[in-house]
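Only one structure is covered here, and it is reproduced in the block below.
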Amino acid sequence: MHYVYILQSDKLNRYYTGYTSYINTRLEFHENAVARKFTYNADDWALIFSLECENKTQALAIEKHIKLMKSKIYIQNLLIYPDMATKLRAKYKP
């Protein structure tokens, strides 16, 4: 499986968007991040969104799309409107 995920930190008032094949392992990595890693700066990261993708290419394309939006409002809309995720899967269909 391949996933695009978004973490949220209330402490930093920031989001982190990433891709992984193993979501549980990746979340553990973020919880135990070492210095110089972006997620090291906060200890309250919470998984707020995950999207299962058909393959790595699709997942990386969706991750890139979300990051290029550079918008907290876009991320918040992903949470409010589940059909946005469906449209992303269709747009980046392998």
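Quick note: the coordinates plus some simple rules give every number you see, no bench work behind them. On a predicted model such as this, the values are computed, not experimentally measured, just so you know. Every residue, glycine as well, gets a Cβ built from its backbone with ideal geometry; the counts of neighbours run over all protein chains shown.
Does Lys72 satisfy the criteria of being within 14 Å of His2 (Cα to Cα), of a type outside the set (Val, Ile, Thr), within 16 Å of the chain's Cα centre (by Cα) and exposed (fewer than 14 other Cβ atoms within 10 Å of the Cβ)? Walk me through how you get there before you give the answer.
Values: within 14 Å of His2 (Cα to Cα): no; of a type outside the set (Val, Ile, Thr): yes; within 16 Å of the chain's Cα centre (by Cα): yes; exposed (fewer than 14 other Cβ atoms within 10 Å of the Cβ): yes.
Taking the combined requirement at face value, the residue does not satisfy it.
With respect to the conditions (1) touching a helix residue (DSSP H, G or I) at 6+ places or on another chain (Cβ under 9 Å); (2) more than 22 Å from Met69 (Cβ to Cβ); (3) surrounded by 17 or more Cβ atoms within 10 Å (Cβ to Cβ), Lys37 falls short on a single one, namely (3). Of all residue pairs spaced 6 or more apart or on separate chains, those with beta-carbon atoms under 8 Å, a first member in segment 60-88 that is within 17 Å of Tyr15 (Cα to Cα) and touching a residue at least 60 places away in the same chain (Cβ under 8 Å) and a second member that is crowded, with 17+ Cβ neighbours inside 10 Å and hydroxyl-bearing (Ser, Thr, Tyr) are Ile66/Thr17; Ile75/Tyr15; Ile75/Thr17.
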